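Here's the structure we're looking at; comments come further down.
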Ligand code: FNR
């Protein structure tokens with residue numbers, strides 16, 4: 001069963017034994033204060049690691065400014081690096097490959113969760129959506145502060161430093177978070193970027209920040225250990241470009257020249273899956289559209305089941321498939337797919353709660 005998903009795959013310097021990847025999943029279970037990864041997180045990731053399996057660890061803020069709030073594990077302090085070491089050790093002990101997703105939240109944050117610090121963004125344009133305040137109330141997103149031109153370079157440098165920190169924590173590589181309406185995508189898209197400096201205006205200018213960040217990360221740790229995640233046609237967090245093809249064709253073309261480990265695309269049908277159950281209809285397949293434009297390894301994510309993942313890889317639309325929600329509730333997901341065993345359903349109520357409930361207490365197959 002599932003032959004294509006269990007063919008080995010070379011991604012950058014890593015030899016994957018199979019093509020069932022764990023997608024990055026924010027779980028909000030860092031130790032507070034300090035936003036530190038901890039022993040419970042190591043248990044959870046260790047359960048999900050497998051021999052030659054690629055685990056992309058949850059989005060990790062590259063600075064204090066980049067964070068959504070205190071329960072998100074960061075990668076900008078010595079204590080956080082030490083915390084992540086527990087996780088990379090647990091993944092490596094099972095023979096897995098550990099990648100950390102590097103994140104800047106941009107305008108998708110609220111000052112009440114950030115000790116009063118206003119979110120920053122390319123332009124002072126609020127996302128037309130709501131979020132939870134520190135008091136647990138549903139509130140509209142605030143109008144963010146536009147980053148000064150001089151500050152933009154500092155954020156690029158933060159990503160480079162965070163990539164070095166990730167390697168110091170034992171990660172095999174990093175993934176640049178360029179999806180879902182956060183800072184990199186906000187620079188890229190015209191609805192959130194009305195800047196008049198060299199980071200705003202036409203496609204080349206709007207793509208500059210994302211490409212500069214990716215180059216900085218690649219320069220810090222090696223392009224072959226750097227991946228990037230994009231969500232063309234996605235609508236999460238009030239994102240989306242009216243005409244995605246010219247913009248993303250340019251971006252993918254430029255990324256091709258960097259020699260990255262992989263490109264990771266979120267299928268638009270699953271856009272916003274972190275917030276609610278979705279299966280957007282009448283949207284294109286990002287992997288099918290961009291596979292012909294991308295020369296390296298391609299990971300696709302979004303609403304895959306065992307059979308559709310197998311079909312996607314067999315058809316050559318993607319080299320590997322990342323699973324999000326089903327990796328939450330099935331710690332042994334690759335083995336289950338291999339055995340053609342049923343998936344345990346996930347409990348959305350515990351996605352962002354605390355402690356082991358709905359986190360490290362999902363059982364493996366008996
Ligand atoms: C997510 N997703 C996500 N994406 C990302 O790039 N970084 C992240 O940290 C998170 N966090 C996150 C948390 C939770 C609880 C969910 C459900 C989702 C999106 C995720 O990686 C994936 O793209 C979607 O879940 C769609 O894939 P599935 O779940 O259909 O396999």
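The values are calculated or read from the model by the stated rules, or taken from the named source; none is laboratory data. Note that the coordinates shown come from a computational prediction; the quantities given were computed from them, not determined experimentally. Ideal geometry is used to build each Cβ from the backbone, glycine not excepted, and the neighbour counts take in all protein chains shown.
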| Residue among 121, 90 that is within 19 Å of the chain's Cα centre (by Cα), crowded, with 19+ Cβ neighbours inside 10 Å and away from the ligand (no atom under 16 Å from the Cβ) | 121
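Looking at 265, 255, 298, 260 in this structure, which one is within 11 Å of the ligand (Cβ to nearest atom), within 16 Å of residue 11 (Cα to Cα) and at pLDDT 95 or above?
265
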| said: What's the number of the only condition in (1) crowded, with 22+ Cβ neighbours inside 10 Å; (2) over 29 Å from residue 169 (Cβ atoms); (3) within 16 Å of the ligand (Cβ to nearest atom); (4) over 16 Å from the mean Cα position of the chain (by Cα) that residue 206 fails to meet? | reply: (3)
| field | So residue 51, is it more than 14 Å from the ligand (Cβ to nearest atom), over 18 Å from the mean Cα position of the chain (by Cα) and within 11 Å of residue 327 (Cβ to Cβ) | value | no
| query | Quick one: is residue 283 in a loop (DSSP other than H, G, I, E, B) and touching a residue at least 40 places away in the same chain (Cβ under 8 Å)? | reply | yes
| request: Just one of (1) out of contact with any strand residue (DSSP E or B) (no Cβ under 9 Å at 6 or more places or on another chain); (2) at pLDDT 95 or above; (3) away from the ligand (no atom under 15 Å from the Cβ) trips up residue 366, so point out which. | output: (2)
| Do you know which residues across segment 340-357 are within 15 Å of the ligand (Cβ to nearest atom) and in contact (Cβ under 8 Å) with a residue 12 or more places away in the chain? | 343, 344, 345, 346, 347, 348, 351, 352, 353, 354
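Please go through segment 258-267 and pick out each residue that is surrounded by fewer than 24 Cβ atoms within 10 Å (Cβ to Cβ) and closer than 16 Å to residue 178 by Cβ.
Listed by number, the list holds a single entry, 258.
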| request: Scan segment 74-91 residue by residue and report those that are closer than 17 Å to residue 24 by Cα and in a helix (DSSP H, G or I). | output: 84, 87, 88, 90, 91
| When you look at residue 229, is it in contact (Cβ under 8 Å) with a residue 40 or more places away in the chain and either away from the ligand (no atom under 16 Å from the Cβ) or surrounded by fewer than 23 Cβ atoms within 10 Å (Cβ to Cβ) (or both), yes or no? | no
| request: Please name all residue pairs, on different chains or six or more residues apart, with Cβ atoms under 8 Å, provided the first residue is in segment 312-339 and is at positive phi and the second residue is more than 14 Å from the ligand (Cβ to nearest atom). | output: 316/291
| Subset of segment 10-44 [under 19 Å from residue 54 (Cβ atoms), more than 12 Å from the ligand (Cβ to nearest atom), in a loop (DSSP other than H, G, I, E, B) and in contact with a helix residue (DSSP H, G or I) (Cβ under 7 Å, 6 or more places away or on another chain)] | 12, 13, 18, 19, 37
